[in-house]
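A.B. asks: The structure that follows is given in the form of structure tokens.
The values are calculated or read from the model by the stated rules, or taken from the named source; none is laboratory data. Values in this document were obtained by computation on a predicted structure and should not be read as measured data. For neighbour counting, all protein chains shown are included, and Cβ atoms are generated from backbone atoms with ideal geometry for every residue, glycine included.
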Amino acid sequence: MSFPVQHLSPSSIGMFSRCGRQFMYRYLEGLIIPPGISAVRGRAAHTGIEVNVLHMMEAGVAAPLEAIEGACHDTVNTEWEKGVRLLPDEQEQSEKQLRGEAIDGAIWLARTHYNEIAPNLKPTHVERWFELIVPSLPCTIKGRIDLQEGGGIRDLKTGKAYPLEDAAGRSPQLTWYALAVKALDGELPDYVSLDHLILTKTGVTYRPQVAHRDGDDFNREIHRAQLAAYMIDDGRFQPATPDQWCCTPKWCGYWNRCPYGAKQATTVSYAVTGKPATKNGEEESFDE
């Protein structure tokens with residue numbers, strides 16, 4: 001029996017690690033849920049920023065700000081027409097207002113990139129696709145690098161929450177990107193970095209983070225992918241625990257269909273028995 005997916009990606013491996021059920025719905029059953037407003041806003045900002053970076057590569061100067069903002073505006077409208085998943089509290093608000101706020105937010109994010117990040121960029125590749133053949137995996141690893149410049153990798157993150165201080169150092173996504181650059185270009189990147197743009201009520205805050213990768217990082221991520229592939233092939237799709245941030249109606253589009261989400265109220269009776277256990281004995285099977 002062949003492996004159930006043609007390839008994995010840094011994002012799909014991350015999804016499987018967070019919630020196997022979510023991975024199953026998305027990649028095995030093919031259930032694609034419309035994006036939320038934050039995802040649409042982030043996608044629009046990325047599109048506007050890409051317009052600028054490509055113009056910098058081709059013409060050597062920044063694109064007109066009007067072109068960047070127009071790309072943000074058009075992307076929000078295009079994505080909105082395809083369908084947007086509104087949360088219960090958003091459903092009580094004016095859709096026109098929500099769309100307008102998404103457009104404004106995307107433009108603010110793109111403007112901040114234009115003013116604070118783009119002037120220092122020397123891009124060599126934008127949205128660079130890769131596909132890695134890892135001998136120990138039953139499928140390829142496919143992904144897309146946001147931006148390469150000189151000897152480094154940069155990835156843009158947008159949102160409303162401030163990142164962990166060591167997010168760049170811990171990012172599996174950046175590890176796969178660094179491995180892809182080594183495979184494509186023959187050398188490790190000098191650095192990997194995250195450009196965080198945090199949207200607040202008063203504007204946008206820019207938080208850059210820089211880290212490095214080596215062989216130990218690659219081994220860990222390949223091993224993580226091996227474990228994920230083994231469980232996927234064996235049909236083991238462990239759900240997220242109910243106390244995880246991703247197991248909520250806000251962050252999971254499959255909440256209403258999942259037996260561990262909205263349908264968890266279904267009552268099932270189990271005959272549970274117990275026995276005494278000692279703290280250090282062999283019978284111990286729980287944390288203190």
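A.B. asks: Please find, within the stretch 196-221, the residue that is surrounded by the fewest Cβ atoms within 10 Å (Cβ to Cβ) out of those that are modelled with pLDDT of 95 or more and among the small types (Gly, Ala, Ser).
C.D. replies: Among those that are modelled with pLDDT of 95 or more and among the small types (Gly, Ala, Ser), it is 215.
A.B. asks: Let me ask you something else. Hey, does the stretch 70-82 have a residue that's over 20 Å from residue 109 (Cβ atoms) and of a type outside the set (Val, Ile, Thr)?
C.D. replies: Yes, because at least one residue in the stretch 70-82 is over 20 Å from residue 109 (Cβ atoms) and of a type outside the set (Val, Ile, Thr).
A.B. asks: If you don't mind, another one. What is the one condition in (1) surrounded by 14 or more Cβ atoms within 10 Å (Cβ to Cβ); (2) at pLDDT below 95; (3) over 16 Å from the mean Cα position of the chain (by Cα) that residue 148 does not satisfy?
C.D. replies: Going through the list (1) surrounded by 14 or more Cβ atoms within 10 Å (Cβ to Cβ); (2) at pLDDT below 95; (3) over 16 Å from the mean Cα position of the chain (by Cα), residue 148 breaks only (2).
A.B. asks: List, please: which pairs have Cβ atoms under 6 Å, are six or more places apart or on different chains, and start with a residue in the stretch 199-227 that is under 17 Å from residue 189 (Cβ atoms) and end with one that is modelled with pLDDT of 95 or more and of a type in the set (Asp, Glu)?
C.D. replies: Close Cβ pairs satisfying both conditions: 208/195.
A.B. asks: Of everything in the stretch 1-19 that's of a type in the set (S, T, N, Q) and touching a Pro at 6+ places or on another chain (Cβ under 9 Å), which residue is nearest to residue 223 (Cα to Cα)?
C.D. replies: My answer is 17.
A.B. asks: Select, from 65, 54, 28, 87, the only residue that is out of contact with any Leu (no Cβ under 9 Å at 6 or more places or on another chain) and modelled with pLDDT under 95.
C.D. replies: 87
A.B. asks: Going through the stretch 102-127 one residue at a time, which ones are within 20 Å of residue 210 (Cα to Cα) and charged (D, E, K, R)?
C.D. replies: The answer is 116, 122, 127.
A.B. asks: Residues to consider are 189, 172; find the one that is under 20 Å from the mean Cα position of the chain (by Cα) and surrounded by 11 or more Cβ atoms within 10 Å (Cβ to Cβ).
C.D. replies: Checking each option against the conditions leaves just 172.
A.B. asks: In the stretch 5-42, how many residues are assigned to a loop (DSSP other than H, G, I, E, B), within 21 Å of residue 156 (Cα to Cα) and not polar (S, T, N, Q)?
C.D. replies: Qualifying residue count for the region: 2.
A.B. asks: Filter the stretch 101-124 down to the residues that are surrounded by fewer than 18 Cβ atoms within 10 Å (Cβ to Cβ) and among the charged types (D, E, K, R), then identify the one that is farthest from residue 44 (Cα to Cα).
C.D. replies: Once the filter is applied, the top-ranked residue is 122.
A.B. asks: Here is a further query. Among the residues of the stretch 1-40, count how many are β-branched (Val, Ile, Thr), under 14 Å from the mean Cα position of the chain (by Cα) and over 13 Å from residue 228 (Cα atoms).
C.D. replies: So the count comes out to 1.
A.B. asks: Hey, which of the strands (runs of 3 or more DSSP E) in the stretch 129-224, taking only ones fully inside, have at least 2 residues that are more than 30 Å from residue 111 (Cα to Cα)?
C.D. replies: In the stretch 129-224, 140-149 are the strands (runs of 3 or more DSSP E) which contain 2 or more residues that are more than 30 Å from residue 111 (Cα to Cα).
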